[in-house]
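To start, the structure itself, in structure tokens.
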Amino acid sequence: MEVGVKMGMKGGGDEVGGKEKEKMGYEETELRLGLPGDGEVVRKRDFSHTVDLKLNLISTSPTDDKDKNIVPSHLDPAKPPPAKAQVVGWPPVRSFRKNMLATQKSSGSEDSGEKAAFVKVSMDGAPYLRKVDLRMYKTYQQLSDALAKMFSSFTIGNCGSQGLLKDFMNESKLMDLLNGSDYVPTYEDKDGDWMLVGDVPWEMFIESCKRLRIMKGTEAIGLAPRAMEKCKNRS
Amino acid sequence: MPKRLAYSLPDEVLEHVFSFIQSDKDRNVVSAVCKSWYEIERWCRRKIFVGNCYAVSPKMVIRRFPQVESIELKGKPHFADFNLVPDGWGGYVLPWITEMAGAYPWLEEIRLKRMVVMDESLELIAKSFKDFKVLVLASCEGFSTDGLAAIAASCKNLRELDLRESEVDDSSVHWLSHFPETYTSMVSLNISCLGSDEVSFSALERLVSRCPNLRSLKLNRAVPLDKTANILRLAPQLVEFGTCTYSAELRSDVFSNLAGAFSNCKELRSLCGFWDVVPDYFPAIYSVCSRLTSLNLSYATIQSPDLIKLVSHCPSLQRLLVLDYIEDSGLEALASNCKDLQELRVFPSDPFDAEPNASLTEQGLVAVSLGCPKLQAVLYFCRRMSNAALVTIAQNSPNLTRFRLCIIEPNTADYLTGEPFDVGFGAIVVHCKDLIRLSLSGLLTDCVFEYIGKYAKKLEMLSVAFAGDSDLGLHHVLSGCESLRKLEIRDCPFGDKALLTNAAKLETMRSLWMSSCSVSFGACKLLSQKMPRLNVEVIDERGPPDSRPENCTVDKLYMYRSVAGPRFDMPPFVWTKDEDLALRLSP
């Protein structure tokens, strides 16, 4: 099969080649994970760096030269090894199989650390559902960032300055939130009750959350009494 | 002289000759011989395979092939299995069912893979095709037991219902009871993916007892052990059986009942399921083991000694799926007992743990390649590999057609030499001349792609992750692999140059997937413009790609050839060149 159309090398080549240089700089604008103290460097091979928070984005450096000058973080004595986080879709084990094995393990063994906790996420106004594995995240903030990213095309401008998740510790802040048009994440717990996300410690949350729903603040107002109660109990 | 002979044969004779030609490839070649053969062939083609549901439109298929009885469609790209394709991407079957409902009233078979199937589609199937016989939904989603109930109630001649690895929503309908009492045609039933609420055991028993032609039955997990024996006694003619949950401790009455039931099954050749199995029950199946050709223990969390004992009773085994609990010692036992082995798949029991929890290394696979001369297909997850082992495997198993190796930790080097695995995989493509599918892993430079481009001339599908140094790697593959149909790449430093240089190649392939690579949006736009029969989809959840500079890389790229033009069922996070869509993207 002959390669008829030569796209790149001559006419178009310069266009592409010229962009090479610029590409090296684009990383600055590229969304990156940058663990604290990481500096500007993105190491293409050091995948364990590049995963944690984002659902589907792993940034890689397109050129070789950078690689040779980098000390991988696990060899660099100045940096502690990053916490091992899961790369999305790697190793390539099908979800069906992962879920099966996870359910088996949890029924038998002490260690349920790897049990996948997939829950459906719906957002008011979005035409389709998404699914997230809650065990991919360690804090509410990580979950919030991921959700914001997932539904970004709908929430642009509607998230407020602090992202989806607000501080529920403060009664008056809570009332502001529920009166506004910002989006509020809520979840259905094991008992079938709908609660505001953020009211219980993270570990307890992932155990009891069955599904997530991102709704407008004004609609979540019905959940206010329970949330208020919790605020009161804490203070 | 030959030309006149061809024209002197009446159409009916040609049609009869064509009826012996079953493969799609051959049929396509036949239809290209001349116009009259094209016409004859299209009227007598009964089976259609569409590898990418967006490559052609249902109307086009119907226009060309007016009398189709069987259709197979595939939707999402393969990497959707690993959650790389966001929900809502597409792959809806409803438009196909809608068109076919009108055009093919005598459609008998529908096989779907990785498609979104809603209850509405199932209901439409149930009411549109009077002689419907086969429904296979592999890795599909979007439907509930309501849809299944519609199929059960209306399809009087249904022979096969296979829901393998699909996601079914429970609507609390006892769908199995919707098979009327007069229904007796079931030959193959696979409900292994269903949860406990979705299957009424008594309805299942009644169904099995009135279907004398039942040959394959794969139950779901929730069927208790003592019930398994009952089912087997009702269907001793089974050839393929998927077992269910085993109870926690050995009970001798249950055991002997089970052993008795199995011993009646003289035709049994294939077993799977074995969820939560307790090894003490294995002797109950020893009576059938000597005849077993296929064994799927990949959900059985049992340890090597018990696996070895079981496997040593199965000398006729051709296909084994198992977890890494089998360990090297178990694979050595397999190699010495099962000389007919053709396919081996070893899955990781603990894929996310950095430390191995089972003593499974490259040695196990080497042993199997040494001991099993008929080995053709391998899927192997391990944590350690060496080039020496790969070379040995390549030399011992030149008949390999499918070789998929997953070294769990990305960028792992040869544990003996610290080298990349270029030489090892190079040996695979050099020795295994009939290789059609290859998955790479471990530390790899551009060199391995040079070998692949040079030697893997029959390779049809290549999966690459965390490999390569530069565009040259991708260029070697695209310019060298003549038979390449599907290429899927993730986390590799491949960018615009290789793609643009080999743009024409892309139209000779079914599809190309690239995620977390270095392809710029500008290149995607260029390809879209220059290649009208290529659908270039940029999947990017960060928002519209044209809101960023053109030299920004795209998150995910899925390109496939199509004669149907751009699709119109895309979610907001998928961009293609259609100008109007740019307007749809703004919130």
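Values quoted throughout were computed directly from the atomic coordinates according to the rules given, and no laboratory measurement underlies them. All figures in this text were calculated on a predicted structure; none of them were measured in a lab. Positions of Cβ are backbone-derived with ideal geometry, glycine not excepted, and every protein chain shown enters the neighbour counts.
Run the dipole for the stretch B:113-237 about the Cα centre, Lys and Arg Cβ at +1, Asp and Glu Cβ at -1, nothing else charged, and hand back the magnitude in debye, nearest 20.
Numbers: 15 positive and 17 negative charges, 147 e Å.
So the dipole magnitude of the stretch B:113-237 works out to roughly 700 debye.
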Shape verdict for the stretch B:146-188, please, from the Cα gyration tensor: rounded (a/c under 1.5), prolate (a/b greater than b/c) or oblate. oblate
XL table A:Lys131/B:Lys486; A:Lys216/B:Lys486; B:Lys218/B:Lys458; B:Lys127/B:Lys486; A:Lys138/B:Lys309; Cα-Cα > 31 Å flagged, in table order, is A:Lys216/B:Lys486; B:Lys218/B:Lys458; B:Lys127/B:Lys486; A:Lys138/B:Lys309
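When the helix-only estimate is applied to chain B (DSSP H runs of n ≥ 4, each -39,500 (n - 2.57), divided by the residue count), what is the mean residue ellipticity at 222 nm, nearest 500 deg cm²/dmol? Provide the component values of the computation, followed by the final result.
Details: 23 runs with 201 residues, N = 587.
Computed ellipticity for chain B at 222 nm equals -9500 deg cm²/dmol.
If the limit is 19 Å between Cα atoms, which of B:Lys76/B:Lys505; B:Lys497/B:Lys530; B:Lys25/B:Lys47; B:Lys130/B:Lys156; B:Lys74/B:Lys457 go over it? Intermediate values should be presented prior to the final figure.
Values: B:Lys76/B:Lys505 21 Å; B:Lys497/B:Lys530 15 Å; B:Lys25/B:Lys47 12 Å; B:Lys130/B:Lys156 8 Å; B:Lys74/B:Lys457 25 Å.
Over 19 Å Cα-Cα: B:Lys76/B:Lys505; B:Lys74/B:Lys457.
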Whole-angstrom gap from the stretch B:200-218 to the stretch B:414-448, using each part's C-alpha centre: 47
If R₀ is 41 angstrom, what is the calculated FRET efficiency for the pair B:Ala354 and B:Asn157, using the beta carbon separation as r and rounding to 0.05? 0.20
Skipping prolines and chain starts, which residues have an amide H placed within reach, meaning under 5 Å, of the one on B:Phe143, given they are 5 or more residues away or on another chain? B:Val117, B:Asp169
The stretch B:352-439 shape via C-alpha gyration tensor axes, a/c threshold 1.5: prolate
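Classify the stretch B:397-504: rounded, prolate or oblate, from the alpha-carbon gyration tensor (a ≥ b ≥ c, eigenvalue square roots; a/c under 1.5 rounded; otherwise prolate if a/b is larger than b/c)? Mind showing how you got there, number by number?
Numbers: a/c = 1.75, a/b = 1.11, b/c = 1.58.
Verdict is oblate for the stretch B:397-504.
Explain nothing, just the number: relative contact order of the stretch B:1-114, from Cα pairs under 8 Å at least 6 residues apart, as a whole percent. Intermediate values should be presented prior to the final figure.
Details: 119 pairs, mean separation 26.1, N = 114.
The normalised contact order for the stretch B:1-114 reaches 23 percent.
Which whole-number percentage describes the relative contact order of the stretch B:519-586, with Cα contacts under 8 Å and a sequence gap of 6 or more? Let's see the in-between values first.
On the way: 95 pairs, mean separation 26.2, N = 68.
Worked out over the stretch B:519-586, it gives 39 percent.
Please tell me the relative contact order of chain B in percent, rounded to the nearest whole number, where contacts are Cα pairs under 8 Å and at least six residues apart.
Values: 1345 pairs, mean separation 35.8, N = 587.
RCO, chain B: 6 percent.
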